[in-house]
1. Which order do peptides 76-82, 3-9 fall in by mean Cβ count within 10 Å, highest first?
2. How large is ³J(HN,Hα), in whole Hz, for each residue of segment 43-60 in order, when computed from phi with the Karplus curve 6.51 cos²θ - 1.76 cosθ + 1.60 and θ = phi - 60°, using x for Gly and Pro?
3. Would you grab the residues whose amide H sits under 5 Å from the one on Gly69? Only those 5+ places off in sequence or on another chain, please, with H modelled 1.01 Å from N.
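Each value in this text was obtained by applying a stated rule to the coordinates, not by laboratory testing. A quick note: this is a predicted structure, and the numbers were derived from the prediction, not measured. So basically every Cβ, Gly included, is an ideal-geometry build from the backbone, and we count neighbours across all protein chains shown.
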Amino acid sequence: MDKSLFVRKICFVMLCVLFLAFGGIFALAETKKPSADDKKKIDHKKAYAIYKQKCLQCHDSVADPEKPGRTRDEWLLVIETMHGYGLGLTPKETELVGGLLYNLRRGMEKDPG
């Protein structure tokens, strides 16, 4: 084999390895760190399962287009009021359902929050 051909092949392989290595480094550097909003996201499937089990026994739907939305704190107060009627949610379940109701009607609230 010709020595210059061998050197070119080695150089080509080294360039490919460097290219892939730098590509991997840049890809890792670009990974998005979770923001505060990402940390606040709720598990909608779990929240809806709780809502369906505990709330839909008495309430048909939260999607009444005639009513303005509520802030997150207002939804939590509504859920706390429902505890007086025997709702029986844990604090974590209360947060999940309150977040779900807020997210479903977000943008319709009187004062965003």
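1. Details: 76-82: 14.9, 3-9: 9.4.
Going from most to least packed, we get 76-82, 3-9.
2. Calculated HN-Hα couplings, in order: 7, 4, 5, 5, 5, 5, 4, 5, 4, 5, 6, 9, 9, 6, 5, 10, 10, 5 Hz.
3. Met108, Glu109, Lys110
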